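Reading through the structure tokens given below for one structure.
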Amino acid sequence: MFKFNDILQILAFFALLTLLSPLIGWYINLVFNRESRLPAFLTKIENYLIGFFKIDATAEMDWKTYCFSVLIFNFIGIVFLVLIQAFQQYLPLNPQKLPNVEIFLAINTAISFVTNTNWQSYAGETTLSYFVQMIGLTVQNFVSAATGIAVLFALTRGIVTRQGKSLGNFWNDLVKSVLYVLLPIAILFSVVIIGQGVVQTFTSYADVTTLEGAKQTIPLGPAASQIAIKQIGTNGGGFFNANSAFPFENPTPLTNFLYVLFLILIPSGLIFTYGKMVKSSKHAWMIYCVMLFLLAFGFFVSYASECSTNNVFHASGLMEGKETRFGVMNSVLYSTTTTAASNGSVNAMHSSLSPMAGFVAMTNMMLGEIIFGGVGSGLYGMIIFIILTVFIAGLMIGRTPEYLGKKIESFEVKWSILAVLAPSFVILVFSSIALITKSGTSSMLNSGPHGFSEVLYTFASAAGNNGSAFAGLNANTAFYNIMIGLGMLIGRYGVIVPILAIAGSLVKKKITPLSAGSLTTDNFIFSVLLFGIIIIVGALTFFPALSLGPLIEQLLMNSGVSF
Amino acid sequence: MEKNKKGLFDKAIIKQAIIDSFTKMNPKLLMKNPVIFMVAIGALLSSFLFVESLVRGYYSGFNLQIILWLWFTVLFANFAEAVAEGRGKAQSDSLKNARTTTTGRKLQGNKEVIVSAIDLRVGDVVVCETGDVIPADGEVIEGIASVDESAITGESAPVIRESGGDRSAVTGGTKVISDKIVIKITTNPGDTFLDRMISLVESATRKKTPNEIALSILLSGLSIIFLLVVITLRIFIDFYQPYSKIPSSEFASITILVALLVCLIPTTIGGLLSAIGISGMDRLMSHNVIATSGRAVEAAGDIDVLLLDKTGTITLGNRMASEFYPADGVSQERIGDAAQLSSLSDETPEGRSIVILAKEKYGLRGRDISELEAHFIPFTAQTKMSGVDIHPENGGEKRIIRKGSAAAIKDYVISAGGKFDDKIQQRVNDISKSGSTPLVVAENYEALGVIELKDVVKGGIKERFAQLRRMGIRTVMITGDNPLTATAIAAEAGVDEFIAEAKPEDKLKKIRDEQAKGYMIGMIGDGTNDAPALAQADVGIAMNSGTQAAREAGNMVDLDSNPTKLIEVVEVGKQLLMTRGALTTFSIANDVAKYFAIIPAITAGLFAQSMNKGPLSALNLMHLASPQSAVLSAVIFNAIIIIMLVPLALKGVKYRPTGASVILRRNLLIYGFGGLLVPFIGIKIIDVILTALGLV
């Protein structure tokens, strides 16, 4: 049954999100477009950094140069991460003397953190040294989120520039995102959560004797600094294996609430920055409302499903695998937002969600992580859907489709379709490969629909760069490490490259001023159509797969069968 | 053209189209339409498997039915295209015949032969006399004449054209109003326009328009996604084999999967896409407009700003007499009478308007010319006057009346010793300033007064512009008039903007300015000096009566030379896109119902306690009788919806000149929500029929 307190909390959550997002958006716009108003000491650091790395942060980049910069920067990031994992034994800050990481796992983890996925085939506390966590993973937590922001702004410049060539400068965008947006928020946030009890220390793990007299090793580490950025940067890779279900990572109801809020806040704020840049805050609110509606809809389906009676156990509100300290509602709210926002940190085990709540989690990821989605990537993913909607709506009103004054022609349609196709390909084809190979099926813990969901969820998470796991699947095998790694690459760059190509094409175009005959993209009717296109394209692509996974499981469960 | 309009389905066209449906099975032709090509490959694959199983001694009537309907789907798509093509061809054939062509008097040796203008070629020599329309661009090689070039310059005063020198070029469509000239033709006529137009309605040579290409990419992309969905679905189902009593090769056989694929890929819009394009061109032709490219027709739907010449477009091309201003001591009736007499045999529109004005104002009836024993003096380029000499032999009053430009009459009066009042000169100046044209009337070498010739705004034009405004199109009037007159006419006609005292190069500048702001510009023009502007505009419509240069520069030609035709052109352009958009939405929305028919059918056997009653049967919302009938019903629905929508594809989605949001809401409601609902009903009905007939 719905609880009054639960409803109150969820309303507070939506209200706070709606209040804070425009503020964050305003601030990010300030950083990128009103440079003169930034504090002098920070600009000094910025100039020092730019001087130190000898980068030309003023050079205007066309889409190919911009794209190349993104790819080369991310490639170097992957190589560096692989190397420090493979040789962590010889590197400092390894008090537990953890051995070098096996190569496929290292590659998987490197790709995972560079692509902002943070899929973890490993358990942090038994696999990675403090050095790798801090110098490797935390740095990528920052720059992978910054990459998302940079690509989004490149696209935005493509939309607002009149017959130009330049999409801005990747290095400049990168440094600004980290220095002015991610770092300050992360520092503040980590101080707050340290105050709540999240650990931040270089000491080795504590060995204690429990009340029953058993020996227990309690993992510690510089966690807060990584956790802050993993929440705000939609990374989600936990310092500890249990992620936000672990008390040192998520100690209080307040941190839990803040984690949920902050994992969605920057993607949500960027919508309003975008609105400012394209000079249409109404358009931003339209996007926000569609995303919020999708999120709220998913949450209530999940919550209602958890609250309804399970016919296998003849009970409702089952606690197995849930965040026992904060209750079912907070587990479901976390699972819905973390899959919607491409964060991937968890406070409950998604395998234990009711099938329909799992259905929602998977759908959130399969739609392409566009319900707020990743930092930057969520909005540019949504813009792909907006372009497709504009195309169909534009035809329906009898005009060559235009988005914010830019004509949408075959080039844009081609790359948009590619951006939709790439993640879908990963989810459907990679799941199929896993289901028909021995190395794929041998990792499955469960049989039947639940086993099927484990695989489907894994590749949805990889393709959407989400990073959360369904649990149950042993993903730390050569097969899965490679397949998931490949899936994450395709899911990330199979969208980034099309986005930049589209930006490169749009930037050259004229801007047609609005008239009574042109399509308005900020009204109710357009949002209905956008919602319809997202649901129908998503549903048509994944409905068969979902009906064979969580849907059939729910139906079987209703008749008292479980797996 | 209206008289040649065919019914939507002419018998001869249908017959030919049915034949063409089969000849279009040629893989080379099919390949042009990726969606339908995919259906054909699927049908071929299933047919092959069917034959192969027959050889092994296994026969499935269900599979046979599916295969037949798959082939029907391809045939129906071909048929839609063939019908559109047939109608287009019929239209262009009748266009060729019905087109009223100017004729020329071609000189062959010493003989004159009347030939159609389109048969004239470079080097031919023609003769033109008073009243003749010059059939094509050329050079005067003999004689001198005054020519009315208002069709090209917008200037109603006649110009002199003579052999030799700078003034020897004449343009087609202009009219000789006095004397006789011999012209050597210098350009081939624009019959190539027709050829180009015909190529737009024949699919073999038809080039896809930009939006059509973009849509094809979208449809192909969706088809690829669905191909992935269907192939992986079989793998997913195979994974569930342990939970099913029936082998997956049976309930998810290749034939059933092909059926699912065909239902999912957007065959409705895919099958009708080229029919929509062809019939758009066809509709354009039925308005007597010839386009040189499909791209231009699509662009017409995007026009934001429309540039119009005042003369001939907004106002009637020729000036009309609006007022008589008598000199001091002259009565209104006297000047009216003199003006009317002098114009009785003046067949120019101005002349006729003077007769009419006198009749309306003073009740002066047109008199019998022969009774008057009058001798009419026609306008010549030399005298720049026309008039009448009345010498009644029975001794009545002798009257010599002349009318003409102020300068000519002044010379004429003063040289004869008469007087030309300063007040008349003052009046002439006033009228000129206000943008009208003054004509002075003189009788017996005495200036009687001034006739004001005024521009008259065409009836109904204001409503047309209001309609354009509702469509989101801004109208800009271009005129050589002074700002005062321009303001008055602009207000009367209801244009949004005007450029007064415009020089020919101003048009080009205005177009470039607006284009730089991002607007799409449509322009209608007819003159040689319009040619650069017509070429620069995104949509340039040349009047058929205009010059060859203008016709070559524009991308459409209006055979009726009706400047307000642009509204229809815009409508055709918009309809073209709207029909594509609406049917795409419909096609995609249809898929939802097809999923609810086929997915439960394919997965019914999983975890089934009894036959075909697994948990996913819950998705069988339509309660279709059996898995077989569900699949077959969906395939049949998918095929016949193509045929049922052929009339819509040919006629186009209804267009009303309203704002974009209203149109979107309307189309979304009809084709979006309609597209969701219709197949649920349709598939259910087919299922009931199939079950009743015992076909499954």
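Side notes on the structure shown:
- For the range A:374-410, a reduction of at least 20 Å² in accessible area between the chain on its own and the assembled protein chains (probe 1.4 Å) is found at A:PHE391, A:ILE392, A:LEU395, A:MET396, A:ILE397, A:GLY398, A:ARG399, A:THR400, A:LYS407, A:SER410.
- Rounded to whole numbers, the Karplus 3J(HN,Hα) couplings from phi for the range B:580-590 are 4, x, 5, 6, 5, 4, 4, 4, 5, 5, 4 Hz, using 6.51 cos²θ - 1.76 cosθ + 1.60 with θ = phi - 60°, and x at Gly and Pro.
- Ligands, DNA and RNA are left out, and with a 1.4 angstrom probe the accessible area of chain B is 40 Å² per residue.
- Karplus (6.51, -1.76, 1.60) ³J(HN,Hα), θ = phi - 60°, over the range A:467-480, in Hz, Gly and Pro reported as x: x, 6, 10, 7, 6, x, 9, 7, 8, 8, 10, 4, 4, 5
- Excluding same-chain neighbours fewer than eight residues apart, the lysines reachable from A:LYS64 by a Cα-Cα span under 22 Å are A:LYS54, A:LYS165, A:LYS176, A:LYS406, A:LYS407, A:LYS414, A:LYS508, A:LYS509, A:LYS510.
- Whether chain B is rounded, prolate or oblate, judged on the alpha carbon gyration tensor where a/c under 1.5 counts as rounded: prolate
- Cα-based reach from B:LYS15 at 29 Å (exclusive), listing lysines while leaving out same-chain residues under 8 positions away: B:LYS3, B:LYS5, B:LYS6, B:LYS24, B:LYS28, B:LYS32, B:LYS89, B:LYS96, B:LYS207, B:LYS208, B:LYS651, B:LYS654
- For chain B, the longest site-free run once GluC sites (Glu not before Pro) in DSSP loop states with at most 16 other Cβ atoms within 10 Å are removed: B:502-696
- Filter on B:LYS410/B:LYS433; B:LYS423/B:LYS458; B:LYS310/B:LYS510; B:LYS517/B:LYS574 - keep pairs with C-alpha separation over 25 Å: B:LYS423/B:LYS458
- Translational D in µm²/s for the range A:128-221 (Stokes-Einstein at 37 °C, 0.692 mPa s, Kirkwood Rh from C-alpha pairs): 198
- Scattering profile of the range B:560-696 at q = 0.14 Å⁻¹ [log10 I(q)/I(0), Debye over alpha-carbon scatterers]: -0.72
- Per-atom-type breakdown for chain B gives carbon and sulfur 58% of the accessible area (1.4 Å probe, protein chains only).
- Residues in the range B:286-315 that, when all protein chains are in place, have 50 Å² or more less accessible area than the chain alone would give (probe 1.4 Å): B:ASP302
- For the range A:17-558, the fraction of 1.4 Å probe accessible surface lying on carbon and sulfur atoms is 68 percent.
- Loss of accessible area when B meets A, both sides summed, Å² nearest 100, probe 1.4 Å: 5300
- Per residue value of the accessible surface for chain A (all protein chains in place, 1.4 Å probe), Å²: 33
- Size of the protein assembly as shown as Cα extents on the principal axes (Å, biggest first): 149, 86, 55
- Over chain B, Cα pairs under 8 Å with separation of 6+ residues give a relative contact order of 15 percent.
- Hits among lysines - C-alpha to C-alpha of A:LYS215 under 21 Å, sequence gap 8 or more where chains match: A:LYS97
- Across the range A:232-238, rounded Karplus estimates of 3J(HN,Hα) from the backbone phi angles (6.51 cos²θ - 1.76 cosθ + 1.60, θ = phi - 60°) give 6, x, 6, 8, x, x, x Hz, Gly and Pro being marked x.
- The range A:17-558: C-alpha gyration tensor shape, a/c 1.5 cut-off, then a/b vs b/c: oblate
- Loop-resident GluC sites (Glu not before Pro) (DSSP state other than H, G, I, E or B) in the range A:300-371 with no more than 11 further Cβ atoms inside 10 Å of their Cβ: A:GLU320.
- Compactness of the range B:423-467 as Cα Rg over 2.2 N^0.38 Å, two decimals: 1.67
- Within the range A:4-102, the percentage of alpha carbon pairs spaced more than 24 angstrom apart rounds to 61%.
- Distance violations [Cα-Cα > 30 Å] among B:LYS11/B:LYS462; A:LYS3/A:LYS276; B:LYS175/B:LYS454: B:LYS11/B:LYS462; A:LYS3/A:LYS276
- A run of chain B free of exposed loop cleavage sites, with chymotrypsin sites (Phe, Trp or Tyr not before Pro) counted only in DSSP states other than H, G, I, E and B and at most 15 other beta carbons within 10 Å, reaches its longest extent at B:60-696.
- Each Cα pair under 8 Å and six or more residues apart adds its separation to the average, and for the range A:334-474 the resulting relative contact order is 30 percent.
- Using every pair of distinct Cα positions in the range A:112-179, the Kirkwood expression returns a hydrodynamic radius of 13.6 angstrom.
- Of the residues in the range B:227-266, those shielded by at least 50 Å² of accessible area once partner protein chains are present, compared with the chain alone at a 1.4 Å probe, are B:LEU228, B:ILE235, B:PHE236, B:PHE239, B:TYR240, B:TYR243.
- Helix-only mean residue ellipticity at 222 nm for chain A, each DSSP H run of n ≥ 4 adding -39500 (n - 2.57), per residue, nearest 500: -19500 deg cm²/dmol
- Per DSSP, loop trypsin sites (Lys or Arg not before Pro) in the range B:584-677 with at most 14 further Cβ within 10 Å: B:LYS613, B:LYS654
The values are calculated or read from the model by the stated rules, or taken from the named source; none is laboratory data. Note that this is a predicted model, so its numbers are computed, not measured. All Cβ positions, glycine included, derive from the backbone under ideal geometry; neighbour counts span all protein chains shown. Accessible surface is based on the protein model in full, side chains and every heavy atom, while ligands, DNA and RNA are left aside. Shrake-Rupley method; radii C 1.70, N 1.55, O 1.52, S 1.80 Å.
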